[in-house]
Amino acid sequence: MRFNVAQLLKRATGSSRRYQMREGIEGIDPGLTIREPLVGQIEMVRTADGILVRGELTTAVELQCDRCLEPFIQKVEFEIEEEFHPAIDMGTGGQPPYDEEETRIDEHHILDLTELIRQSIFLTLPMHPVCRLDCLGFCGRCGQNLNEGPCGCEEPEVDPRLETLRKLL
């Protein structure tokens, strides 16, 4: 996900380029198990200070269900919008005042989207992934996965004072 943007940096403000992406990103982060290539479209627009990158991208990630601990595949769709700044000013050859490493275009005019995409995927993932909305999880007593069938444990005794609440469920 590296792009040479030297020609775009030489163009007038407002100039743009579009790219169709279809790229394998399996090793983007050790904490992510990517199951589909990154697919989508990005647009790079020359700004007064650098290049604005916008895009809509999709991929699929393998997650573990918080309720039943089974692996499942989650489709991930996200948008990116970030301005990248050159490490070297094209006009003067000097160092511009921008210090964010993740949004820097290197001295060879290579714009790298890897970190932006990695962060965007993590921000899109649910905090508590669930394989399906009606996942039953585990029995609190014996550990049986209730999605595979009932466990056979006896119903717990309910405090008689809470019996009316049980009827509501």
Of all residues making up segment 86-122, the number that are surrounded by 12 or more Cβ atoms within 10 Å (Cβ to Cβ) and modelled with pLDDT of 70 or more = 22
Name the pairs: first residue in segment 134-146 and closer than 12 Å to E70 by Cβ, second residue surrounded by 10 or more Cβ atoms within 10 Å (Cβ to Cβ) and among the charged types (D, E, K, R), Cβ to Cβ under 7 Å, at least 6 apart or on different chains?
-> C135/R67; G137/R67
Can you confirm whether segment 32-53 contains a residue that is touching a Ser or Thr at 6+ places or on another chain (Cβ under 7 Å) and within 22 Å of V130 (Cα to Cα)?
-> yes
Condition broken by V5, with the remaining ones in (1) farther than 16 Å from F122 by Cα; (2) in contact with a strand residue (DSSP E or B) (Cβ under 6 Å, 6 or more places away or on another chain); (3) exposed (fewer than 13 other Cβ atoms within 10 Å of the Cβ) satisfied = (3)
Give me a count of the residues in segment 123-152 that are under 19 Å from Q74 (Cα atoms), of a type outside the set (K, R) and exposed (fewer than 13 other Cβ atoms within 10 Å of the Cβ).
-> 6
Does L111 meet the test of being assigned by TED's automatic domain parsing to the domain that holds E23, touching a residue at least 12 places away in the same chain (Cβ under 8 Å), under 29 Å from A87 (Cα atoms) and assigned to a helix (DSSP H, G or I)?
-> no
Any residue in segment 129-143 that is within 28 Å of L57 (Cα to Cα), modelled with pLDDT of 95 or more, outside any loop (DSSP other than H, G, I, E, B) and assigned by TED's automatic domain parsing to the domain that holds R22?
-> no
Among the residues of segment 124-146, is any under 30 Å from L8 (Cα atoms) and acidic (D, E)?
-> no
Report yes if A6 is of a type in the set (A, V, I, L, M, F, W, C), in the same structural domain as I88 (by TED's automatic domain parsing) and without any contact (Cβ under 8 Å) to a residue 40 or more places away in the chain, otherwise no.
-> no
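The values are calculated or read from the model by the stated rules, or taken from the named source; none is laboratory data. From a predicted model like this one, the values you see are computed outputs, not experimental measurements. Cβ: placed from backbone, ideal geometry, glycine included. Neighbour counts: every protein chain shown.
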